[in-house]
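Here's the structure we're looking at; comments come further down.
The values are calculated or read from the model by the stated rules, or taken from the named source; none is laboratory data. The model shown is predicted, which means the values in this text are computed figures rather than measured ones. Here the Cβ positions follow ideal geometry from the backbone for every residue, glycine too, while neighbour counts run over all protein chains shown.
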Amino acid sequence: MDGEPLYERLAEHYRRIIAAGTLSPGDRMPSVRAFMARHGVSLSTAIQAFRRLEDTGWCEAKPRSGYFVRRRAAAVLDTLPESEVPPLSVEPPFAGLHERVSRVIDRANAATDALNLGGASALASLYPAERLQALAIRLLRRKPTLLTDAGPVGGSPEFRQAMARRALSYGVTVTPDDVLSTSGGVDAVNLALRAVARPGDTIAIESPAFFGLIQLLESLGLRALEIPASPTTGLSIEALEVALAAYPDLRAVVVVPNLQNPLGCVMPDARKAALVSLCSRHGVAVIEDEPYRELVEAQQTVKPVKAWDRDGTVIYCPSFNKVLAPGMRLGWMSAGRWHARVRMLKFAQSRHNAALLQAVAAEFVGSGAFDRHLRRFREQLRVQRDGTIDAIARHFPAGTRLNQPPGGMLLWIALPDGVRSDALFDAALAHGIKIAPGSIFSNSDRFDGYIRLACTRVFDAGHEAAFETLGRLIRDAAAAA
């Protein structure tokens, strides 16, 4: 940074101010004269700084009025198209994505110095690590046996009660006895799938879907029936209804209705109710994975699908990995009419979850500290998401499309015609940039023209340069197609 020209350092200073929201779109920037006085620089340096901000889309000059923060560049981006409904396959395929995913993950992990724009965990500084550490120390002083006692299989009474109370605050009525602690969302979904299905059975999933879910189905010997998901309203209830009539061995539907990964969409309440009603009539389980709901920016509480469950159809699987601390690997589940079987499977598979982590989560969530953290976290993610969207608008070529999700840390981006995500992944990695290619979010090749990017880092000059490079690579690929 010290080796950069002074005008570049000053431009970066103002980029940070704008990205943080201190200066809003349409606000007047300091005049050239005020800029010179404030920073003690020459006229030439001041003008160069403003031109650099103008060239990168952060401000604009108005005749005889000065410089102003530029209106959101994202307005020039087209929105994602609605998903097409492909014909249902005669026989849903067994999930078989592991080799494709492993290639991407292994190559990305080997590039340790590359800038990660594809990972779905936020910067460590955005999580309340010091407060959680202080709370853990205090709890251990009060009760040292938290490190030596295994505790009940379903979770400690304090944890189960805290989770039941939390659920009640957003419309889900469960008792502490309904709550089973888990080692995070994947553990819960794994238990749910094993409870409702046997190898060879068919499971309906959203398309596109989180690649980890498809790998999980593969590991359990289950067939994956991909149901198209809208980038605005989520899983197609209409397509699911056709599938339920066509496939009598369809045992469950796995959904992420709030900030779906990778689409970032939130399913409307009417469609959540329709999903529960449809699956209840057919005797099919709804497995609701909920890693991101707490990150939705909304005036009113966004409810899980479980809020419409009246007969135990929904197996509800919330977790803390994305919203509180990735290293905690803690969540819980309410398994509805499959509770007894899930409890048996949990006893056979993982038995106990760390008593200390349960105690920390119970107290942190119950004290109000969790809500204060979430308010800050959502705002920080919003700033980073806005900065990322604006950079895409500045640097990616015409034909790029995305939806602006109502929260969270992920963006699903449609590339211009002819650009393939696998080839872009390779080219970007060669330039020190990690992205998530769309090809790993489906058993098919329907999403090879998409990428997933994460808004998990503070937007700075390094990010600006990375998006400039990505834009050039996409432009070159589109020209060669």
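Below, the figures for the structure above:
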| item | result |
| --- | --- |
| Residue that is closer than 18 Å to Leu213 by Cβ and not hydroxyl-bearing (Ser, Thr, Tyr), where the choices are Leu263, Leu295 | Leu263 |
| Total residues in segment 131-173, condition of a type in the set (S, T, N, Q) and under 15 Å from Cys317 (Cα atoms) | 1 |
| Number of the condition not met by Leu240 [criteria: (1) surrounded by 20 or more Cβ atoms within 10 Å (Cβ to Cβ); (2) touching a strand residue (DSSP E or B) at 6+ places or on another chain (Cβ under 6 Å); (3) in contact (Cβ under 8 Å) with a residue 40 or more places away in the chain; (4) not β-branched (Val, Ile, Thr)] | (3) |
| Strands (runs of 3 or more DSSP E) contained entirely in segment 180-270, each with at least 1 residues that are under 20 Å from Ser334 (Cβ atoms) | 202-207, 250-255 |
| Filter result (surrounded by fewer than 19 Cβ atoms within 10 Å (Cβ to Cβ) and under 21 Å from Pro152 (Cα atoms)) within segment 303-336 | Arg329 |
| Index of the failed condition, Leu168 passing every other in (1) touching a strand residue (DSSP E or B) at 6+ places or on another chain (Cβ under 9 Å); (2) under 28 Å from Asp309 (Cα atoms) | (1) |
| Residue that is farthest from Arg131 (Cα to Cα), among those in segment 343-354 that are modelled with pLDDT under 95 and not aromatic (Phe, Trp, Tyr) | Ala348 |
| Residue satisfying condition, being more than 30 Å from Ile205 (Cα to Cα), at pLDDT below 95 and not assigned by TED's automatic domain parsing to the domain that holds Val323, within set Asp106, Asp113, Asp149 | Asp113 |
| Segment 292-307 residues that are farther than 16 Å from Thr233 by Cβ, paired with ones that are among the β-branched types (Val, Ile, Thr) and in a helix (DSSP H, G or I) (beta carbon under 7 Å, 6 or more apart) | none |
| Strands (runs of 3 or more DSSP E) contained entirely in segment 272-337, each with at least 3 residues that are among the hydroxyl-bearing types (Ser, Thr, Tyr) and farther than 24 Å from Phe364 by Cα | none |
